[in-house]
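The values are calculated or read from the model by the stated rules, or taken from the named source; none is laboratory data. Every value quoted in this text rests on a predicted model; they were computed, and no experiment measured them. Cβ: placed from backbone, ideal geometry, glycine included. Neighbour counts: every protein chain shown.
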Amino acid sequence: MQNNVIQFPTPQKPTLGEYISQILDDNCCSHREFARVTGIDNSYISKLIKGKNKPLPHTLKILAQGLERLDGRDWKEYAKEMRQ
């Protein structure tokens with residue numbers, strides 16, 4: 001007797017870079033504009049989005065505060081999501 005259980009792949013959480021990139025795209029903000037808003041170097045933001053850098057907690061806070069400026073959502077919510 002065969003077991004005919006269908007298994008669906010579990011959805012994967014986006015990487016930090018994918019998460020930030022999606023929010024920037026949703027708000028029509030370029031990486032360069034986001035770098036200007038946060039005061040973080042554009043090349044660092046680019047490396048973050050590509051997954052080549054892992055930000056320190058202080059940098060996560062700055063990124064979250066920058067995302068808050070785009071859509072008004074509380075930066076602490078962004079920080080909590082980015083930390084997970």
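Are any residues in region 60-78 aromatic (F, W, Y) and touching a Lys or Arg at 6+ places or on another chain (Cβ under 8 Å), and if so, which ones? If the condition is that a residue be aromatic (F, W, Y) and touching a Lys or Arg at 6+ places or on another chain (Cβ under 8 Å), then W75 is the only one that fits. Only one entry of T59, T10 meets the criterion of being among the hydroxyl-bearing types (S, T, Y) and assigned to a loop (DSSP other than H, G, I, E, B), and that entry is T10. All of K47, K52 fail the test of being surrounded by fewer than 16 Cβ atoms within 10 Å (Cβ to Cβ), in a loop (DSSP other than H, G, I, E, B), basic (K, R) and at pLDDT 90 or above, apart from K52. When K80, K76, K13 are checked against the criterion of being touching a helix residue (DSSP H, G or I) at 6+ places or on another chain (Cβ under 8 Å) and surrounded by fewer than 16 Cβ atoms within 10 Å (Cβ to Cβ), a single residue qualifies: K76.
For first residues located in region 46-61 and without any contact (Cβ under 8 Å) to a residue 24 or more places away in the chain, partners that are surrounded by 11 or more Cβ atoms within 10 Å (Cβ to Cβ) and of a type in the set (F, W, Y) and lie 6+ apart or on another chain with Cβ distances below 8 Å form the pairs N53/Y44; K61/W75.
Of everything in region 1-31 that is over 26 Å from L67 (Cβ atoms) and not β-branched (V, I, T), the residue that is nearest to the chain's Cα centre (by Cα) is P9. Restricting attention to region 18-44, the residues that are small (G, A, S) and assigned to a helix (DSSP H, G or I) total 3.
Within region 1-58, count every residue that is within 19 Å of W75 (Cβ to Cβ) and of a type in the set (K, R). Going through region 1-58 one residue at a time, the tally reaches 1.
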